[in-house]
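Presented below is the structure to which this report refers.
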Amino acid sequence: MADVEAALDHAGLKNPQVREYVRYWADLTGAERVEVVSAADDARLIAEALAEGELEPAGDGLYYSRSYHKDTARSEERTIVATNDPKDKGVYNNWRPASEMTPLLEDRMRGASAGKTMYVIPYLMAPPGNALEPYATGVQLTDTRTVVLHMIRMSRVGVEYVENLEDPNQFVRAVHVTGDLENLGQGTPDDERYFVTVADERTILHYGSSYGGNALLGKIAHGLRQAAYDGWASGKFLAEQYMLIGIHDKETGKDYHICGGFPSASGKTNLAMMLAPDALGDRYHVSFYGDDIAWLWVDETSGKLYGMNPEYGVFGVAKDTNETTNPTALASVGPGTQAIFTNIAYNPTTNEVWWEGRTPEPPADVTGWLDWKGNPIADREAGDDSPWAHPNSRFTTTLDNVPNIAADYNAATGVPIDAIIFGGRTRDREPLIRAITDLAEGVYDGLTLGAEATFAAEGVDGQLRYDPMSNRPFMAYGEGDYAAHYLNIVRAAKDQPIFAHVNWFQRDPEDGHFLWPGYRDNLRPLLWLLQLKHGEVKGRQTPVGIIPTEDELNLEGVDISAEDLQKILTIDVDRWRQEMGFREEHLQQFDGLPEEIWEAHRRVAAALDADES
Ligand code: GTP
Ligand code: SPV
Ligand code: MN
């Protein structure tokens, strides 16, 4: 058995509550060794992972990893938010009683780390000194070295984060046990996996995966699910699957901040890394604060709505990332960045990597190339055109590597929020942008976000479904309470943010091409939104919000046909009337939805009925 005390002493970890927690789980999982890690251990851990074949070299200071082939995305079905209070049951949180889940997970984890090292990862999900720091400390335990390497890139890791806590017990206990991946029955009726957050005990118990949001517990389980629950229980903040960007206007010297939610694999990272289009680059600069999570609160001194990114890195979708779509992402995983690629195609002879959309065609000479499962491309049968990279393959890099990282991203204060946007992959109905100035209508719009699900979750790709606030997979308590809490937090702010719904993914029904070029050009509708907020443009009022007129939108240098443009700036009223019926059914599932949300729904429905255009 591991000498836990010696390992903790060696690391100088003194917090008695953390020590007791580590002792308990080392004993239960039967780990052979215990090792406390800090970010400074990265180089040594990388060397060990390379020596063990857990990582492979992918160029100067770059690494490649492959996950088990049935372990490549989050599992929504196996994810549960448990508490001790049945009133916390919602529609999407898969609520179960804590008293049922804790013993079940302990059974799965008992002895499951025999022969392995249990790594202890003290982490902080906040810029140091932030007002929400008391909710941001955690200690992840994991039996997988590559998980440690990802955590070091995605969060602030070090023993110092758990020493000198005001309350030594106020840290999230985040236990990750991988299990025997080849024998877990993933996706079958005998699925052994469980990804549980026991929210009112601030304990996370994840068993059966070493991939992404199933395994990097600081990120999704703490940063979104646990924090959403804490934010509600304390009445102090929101934790949302939002990107967060700054827009600097060099002409006026003003800075704006926009945050917003798109469902998984629907464009948050790309928007946050956006370069201004060439025609607008002299005037505007976009800076990156966060690409996946934002915590929002009302700042005590200014009374304004503030936001910050609790993460320290990017776990970004590789597919379609290239010099045109996202040069910033490529630079952030360039030579020397210590980035890790997962489940893309790899050539061990040349150490090159490739994914769909990296170049228009895959490498012509297939010699040495392996697909994401490790199978040689050269051995493929004729006609096998399955992707070389998994569609949910990703890159992992720290914020310091992102070329457009905001100068003040690490500041304790966070940034004031001017606008909140929602969007998703919606092939029809949703125009390029529609602005909403009323708080309840904005929250209503978020709650009725409908989009195509993506490969970021197992088995749902392409399904049209509602994804409230892009938080469906991360809901931690009842949706009615969630809506009320959201309204309360934002309403308390002195300057109200403007809301908007955006859509980069409308398609031509005939040939399927995207009507809007997207990527860098997405800055244009956002600039319009800020102008609208400041009364510089008026737009056109429709039953579902304010839409830009063609001449209000700066389209200098955009490649779009007049017909496509007209389409993305128009509302299909009949289609929207039909949508209202679906929305009503969707909202009816939620207990205790605030009356204000229903009123917003009825207002929009009545406006659509009255519309004669
Ligand atoms: P998660 O990390 O899963 O939460 O995803 P995300 O919302 O950060 O998604 P990301 O920005 O990584 O984008 C996912 C996919 O959408 C990538 O394949 C992008 O290339 C593609 N994408 C992003 N923005 C646009 C856009 O404006 N237009 C089009 N057509 N595709 C886009
Ligand atoms: C998502 O799926 O929304 C992600 C990636 O951001 S994961 O960390 O796998 O959840
Ligand atoms: Mn995400």
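The values are calculated or read from the model by the stated rules, or taken from the named source; none is laboratory data. It should be emphasised that the depicted structure is a prediction, and the values quoted were computed from it without experimental measurement. Cβ atoms come from the backbone with ideal geometry, glycine included; neighbour counts cover every protein chain shown. In case anyone asks, the SASA skips ligands and DNA or RNA and just uses the protein heavy atoms, side chains included. Shrake-Rupley method; radii C 1.70, N 1.55, O 1.52, S 1.80 Å.
Values computed for the structure shown
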{"item": "Tabulated pairs, segment 519-533, first touching a residue at least 24 places away in the same chain (Cβ under 8 Å) and within 17 Å of F262 (Cβ to Cβ), second within 16 Å of ligand 3 (Cβ to nearest atom) and assigned to a helix (DSSP H, G or I), C-beta under 9 angstrom, 6+ apart or interchain", "result": "Y519/N270; Y519/L271; N522/N270; N522/L271; L523/L271; L526/L271"}
{"item": "Failed item, numbered, when A378 is tested on (1) part of a loop (DSSP other than H, G, I, E, B); (2) open to solvent by 20 Å² or more (accessible area, probe 1.4 Å)", "result": "(1)"}
{"item": "Only listed residue being more than 22 Å from the chain's Cα centre (by Cα) and open to solvent by less than 50 Å² (accessible area, probe 1.4 Å), chosen from R434, R394", "result": "R434"}
{"item": "Every residue from segment 381-424 that is of a type in the set (V, I, T) and either part of a helix (DSSP H, G or I) or over 22 Å from N343 (Cα atoms) (or both)", "result": "I405, T413, V415, I417, I420, I421"}
{"item": "Number of positions in segment 593-607 that are among the small types (G, A, S), open to solvent by 10 Å² or more (accessible area, probe 1.4 Å) and in contact with a helix residue (DSSP H, G or I) (Cβ under 6 Å, 6 or more places away or on another chain)", "result": "1"}
{"item": "Scope segment 465-488; condition open to solvent by less than 10 Å² (accessible area, probe 1.4 Å), away from ligand 3 (no atom under 16 Å from the Cβ) and hydrophobic (A, V, I, L, M, F, W, C); matching residues", "result": "A483, L487"}
{"item": "When residues of segment 48-77 are limited to those that are in contact with an Asp or Glu (Cβ under 6 Å, 6 or more places away or on another chain) and assigned to a loop (DSSP other than H, G, I, E, B), the one surrounded by the most Cβ atoms within 10 Å (Cβ to Cβ)", "result": "A73"}
{"item": "N270 vs. criteria away from ligand 2 (no atom under 16 Å from the Cβ) and either touching a Ser or Thr at 6+ places or on another chain (Cβ under 6 Å) or not charged (D, E, K, R) (or both)", "result": "no"}
{"item": "Selection status of T188, open to solvent by 10 Å² or more (accessible area, probe 1.4 Å), away from ligand 1 (no atom under 16 Å from the Cβ) and within 22 Å of the chain's Cα centre (by Cα)", "result": "no"}
{"item": "Candidates G512, G462, filtered to the one that is on the phi > 0 side of the Ramachandran plot and open to solvent by 30 Å² or more (accessible area, probe 1.4 Å)", "result": "G462"}
{"item": "Residue under evaluation W297, criteria (1) open to solvent by 10 Å² or more (accessible area, probe 1.4 Å); (2) within 16 Å of ligand 1 (Cβ to nearest atom); (3) closer than 15 Å to P310 by Cα, criterion not met", "result": "(2)"}
{"item": "Residue check, G179 out of contact with any Leu (no Cβ under 9 Å at 6 or more places or on another chain), within 16 Å of L104 (Cβ to Cβ) and in contact (Cβ under 8 Å) with a residue 60 or more places away in the chain", "result": "yes"}
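Here's the yes/no breakdown for (1) of a type in the set (A, V, I, L, M); (2) within 28 Å of the chain's Cα centre (by Cα); (3) open to solvent by less than 100 Å² (accessible area, probe 1.4 Å); (4) under 18 Å from A435 (Cα atoms):
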| position | (1), (2), (3), (4) |
| --- | --- |
| L565 | yes, no, yes, yes |
| R575 | no, no, yes, no |
| E584 | no, yes, yes, no |
| D591 | no, yes, no, no |
| D609 | no, no, no, no |
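Let's see how each residue does on (1) more than 9 Å from ligand 2 (Cβ to nearest atom); (2) open to solvent by 10 Å² or more (accessible area, probe 1.4 Å); (3) within 19 Å of R472 (Cα to Cα):
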residue: A215; (1), (2), (3): no, no, yes
residue: A227; (1), (2), (3): yes, no, yes
residue: D230; (1), (2), (3): yes, yes, yes
residue: Q241; (1), (2), (3): no, no, yes
residue: G246; (1), (2), (3): yes, no, no
residue: T252; (1), (2), (3): yes, yes, no
residue: H257; (1), (2), (3): yes, yes, no
residue: S264; (1), (2), (3): no, yes, yes
